[in-house]
Amino acid sequence: MLLPKIFTITLDPVFQSSNIPAFLLQADIRRGLKSLRLIKVRKPLLKVNYLMEKTPNILLINPWVHDFAVHDLWAKPLGLLMLGGLLRAHGYQLRLVDCLDIHDPRLKEVTGMKRATRRGYGTGKFYRTEIPKPGPLEQFERPYYRFGITPEIFRDLLGRGPEPDVVLVTSTMTYWYPGVQKSIRLLKDQFPDVPVVLGGIYATLCQEHAASNSGADHILPGPGENLILQLLEKLTGHSFDKLLHSGEKKTILRPAFDLLPQLDYICTLTSRGCPFHCPYCASDLLYSGFVRRDPIEVVDELEHWHKKYSIVDVAFYDDALLLDANKHILVLLKEVRTRKLPLQFHTPNGVHVGSLSEEVCEGLFLSGFRTVRLGLETVDAERQHQLGGKVKPGAFSAAMESLTRAGFQPGQIGVYLLCGLPKQDSDEVAESIRMVKDHGARPYLAEYSPIPGTPLWSEAQRCSPFDLANEPLFHNNSILPCRSEGFGLEELQELKQLCKA
Ligand code: B12
Ligand code: SF4
């Protein structure tokens, strides 16, 4: 049911000559009876009017992903859910359609669709349907998929709620824009007059492309919390309550995970931004500066999801989770232990090798870290230096020693290695793979995805055989965008085999 924010009854002055006293009754429904006001008005009144200030309905969309391969490595639309938390706190009515949902029972009945599967700790594969490749990707032999629900289910879900006043669509990888386009096309078919606002990572990194190609009416780049309230006020005429606003003025918002159809795990951020400035990374462009939450407040949030939805698996999305550990992550983990929260933690985004001291590793192990991914980048000293020199010589061996001494098994430790950087040869990657395996950990190739606006972008454009600037599809890591003569897809396959061997 739609709850009006302000409920007002006015009595219209129909008989101007009457002497009956007139009243206006007004209540702010969220503040309850205390706010009831009876106002005596001058004019005589007879007819009753209900003037309801309708709280706007906002529809949130996590769009499809079109790609060669995608794994559900604790992948949730965290940014969109954070905005959901903010908007709800301001009284907006929210609904979310998650195109990557795996729980809709109708999906099991769909023919021609590969089933979603679940692996450990809530991760796994999404439902997927093979679709024709977009023109620029036709040259690649691999099959291309739409990951997520069917368009029919999407339409059905759109039709279930009230017509929204505004639709907010998120976006992630720059080369996933076809899924965004498709979602917006179907939204426009169903709600032609409803404004669609696009934000998120693609909208931020490829703003002009998004403005010309996404089909959205408004592109809002950057952290959405900065401007979304003003834009919604403009689009809906709904002015948010200043009292509610002041209580919610936080840099990092609590995500509204309960909007998702079903929760298997949650992801969280204890910080935003990153103090490092690696030349291949977009962190700085997405969030300038580095801010942290109070670690105890983070634990409150984790406890909330654990108690309410029995959530056990938690993935940290932080860019620099372990930095200054004594004041942050160790405080957080100690609190988790004090409250005896039976949580299982994961770091799909990779943690800094140099931060893995004995004390930190012990804290991670004792508090329930089940998988740890490290960002090693490369063992080549010169390239390591060019990439910012975060991993000092010997640091990786020391980190591995601390992790194993703390109790981690080799199978729990994954190591990201950058692969396909401009002018990188495959021997360098092979050497890094061997080194990781010699230490008993599992190497994971992070194929380089060139990102506009990053320091490495110009060099990437020079080296790449693809038109990176005009076609974000070519940022796809799977095609090895900065391949060279001696390092193409064949060599990439060999390296993948080497990782598995
Ligand atoms: C978590 C993460 C992942 C997760 C999955 C995330 C997901 N949801 O699918 C995992 C670990 C699986 C992953 C994988 C990869 N990732 Co990643 N990932 C991230 C990371 C660290 C965080 C994203 C995030 O959720 N941030 C937190 C939220 C709060 O921020 P946000 O989404 O930006 O939301 C805010 C704003 O954008 C905005 N907003 C969001 N939605 C909306 C909507 C509206 C309407 C509005 C107004 C605003 C708005 O407001 C939000 C709140 O401030 C980013 C780096 C980063 N710092 O963002 C890289 C990043 C997105 N990943 C990147 C890369 C390169 C990859 C890989 C290719 C790495 C590799 N080589 O293997 C793979 C992809 C492989 C594949 N095919 O799946 C790149 C992007 C590349 C690109 N071309 O777009 C990034 C930017 C990192 C980098 N190198 O710079 N990744
Ligand atoms: S690669 Fe990691 S350490 Fe470097 S800037 Fe990006 S998030 Fe920070």
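Just a few scattered comments:
- Residues in the stretch 281-307 that are within 25 Å of Glu459 (Cα to Cα), surrounded by fewer than 16 Cβ atoms within 10 Å (Cβ to Cβ) and among the charged types (D, E, K, R): 0 in all.
- Residue tally, condition part of a helix (DSSP H, G or I) and either touching a residue at least 24 places away in the same chain (Cβ under 8 Å) or surrounded by 16 or more Cβ atoms within 10 Å (Cβ to Cβ) (or both), over the stretch 141-168: 7
- Condition check for Gly453: surrounded by fewer than 20 Cβ atoms within 10 Å (Cβ to Cβ), more than 14 Å from ligand 1 (Cβ to nearest atom) and not assigned by TED's automatic domain parsing to the domain that holds Leu137: no
Residue-by-condition table, conditions (1) buried (at least 19 other Cβ atoms within 10 Å of the Cβ); (2) in contact with a Ser or Thr (Cβ under 9 Å, 6 or more places away or on another chain):
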| residue | (1), (2) |
| --- | --- |
| Ala430 | no, no |
| Lys437 | no, no |
| Ala460 | yes, yes |
| Ser464 | yes, no |
| His475 | yes, yes |
| Glu485 | no, no |
| Glu494 | no, yes |
| Lys500 | no, no |
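- Checking Ala381 against (1) buried (at least 16 other Cβ atoms within 10 Å of the Cβ); (2) farther than 30 Å from Arg254 by Cβ; (3) among the hydrophobic types (A, V, I, L, M, F, W, C), the condition it does not meet: (1)
- Counting only residues that are part of a loop (DSSP other than H, G, I, E, B) and under 27 Å from Asp318 (Cα atoms), the stretch 75-102 holds 8 of them.
- With respect to the stated conditions, Leu107 fails to be closer than 30 Å to Lys54 by Cβ and either free of Cβ contacts under 8 Å to residues at least 24 places away in the same chain or assigned to a helix (DSSP H, G or I) (or both).
- Those strands (runs of 3 or more DSSP E) of the stretch 304-388 in which 3 or more residues are touching a residue at least 40 places away in the same chain (Cβ under 8 Å) and over 19 Å from Met400 (Cβ atoms) occupy 313-316.
- Residue match in the stretch 239-251 (condition: within 13 Å of ligand 1 (Cβ to nearest atom), modelled with pLDDT under 95, under 17 Å from the mean Cα position of the chain (by Cα) and surrounded by fewer than 15 Cβ atoms within 10 Å (Cβ to Cβ)): yes
- For the stretch 182-232, a residue qualifies if it is out of contact with any Phe, Trp or Tyr (no Cβ under 9 Å at 6 or more places or on another chain), assigned to a loop (DSSP other than H, G, I, E, B) and near ligand 1 (Cβ under 9 Å from one of its atoms), and the qualifying residues are Gly199, Gly200, Ala216, Leu220, Pro221, Leu227.
- Residue among Ser449, Ser478 that is assigned to a helix (DSSP H, G or I) and under 22 Å from Tyr416 (Cα atoms): Ser478
- Enumeration of residues in the stretch 282-326 that are out of contact with any strand residue (DSSP E or B) (no Cβ under 6 Å at 6 or more places or on another chain) and either among the charged types (D, E, K, R) or at positive phi (or both): Asp284, Arg293, Asp294, Glu297, Asp300, Glu301, Glu303, Lys307, Lys308, Ser310, Asp319, Asp324
- Residues within the stretch 376-430 that are under 20 Å from Leu323 (Cα atoms) and touching a Pro at 6+ places or on another chain (Cβ under 6 Å), tallied: 1
- Test result for Leu78, modelled with pLDDT under 90 and either surrounded by fewer than 17 Cβ atoms within 10 Å (Cβ to Cβ) or at negative phi (or both): no
- Checking each residue in the stretch 279-297 for being assigned to a loop (DSSP other than H, G, I, E, B) and either more than 8 Å from ligand 1 (Cβ to nearest atom) or not assigned by TED's automatic domain parsing to the domain that holds Tyr317 (or both) picks out Pro279, Ser288, Gly289, Arg293, Asp294.
- Candidates Phe345, Phe316, filtered to the one that is within 11 Å of ligand 1 (Cβ to nearest atom), within 30 Å of Val97 (Cβ to Cβ), of a type in the set (A, V, I, L, M, F, W, C) and out of contact with any Pro (no Cβ under 7 Å at 6 or more places or on another chain): Phe316
- Any hit, the stretch 93-108, residues being among the basic types (Lys, Arg), touching a strand residue (DSSP E or B) at 6+ places or on another chain (Cβ under 8 Å) and crowded, with 21+ Cβ neighbours inside 10 Å: no
- The requirement of being in a strand (DSSP E or B) and either closer than 18 Å to Ser214 by Cβ or not assigned by TED's automatic domain parsing to the domain that holds Pro195 (or both) is satisfied by Leu60.
The values are calculated or read from the model by the stated rules, or taken from the named source; none is laboratory data. Since this is a predicted model, take the numbers as computed values, not measurements. Positions of Cβ are generated from backbone atoms using ideal geometry, with glycine treated the same way; all protein chains shown enter the neighbour counts.
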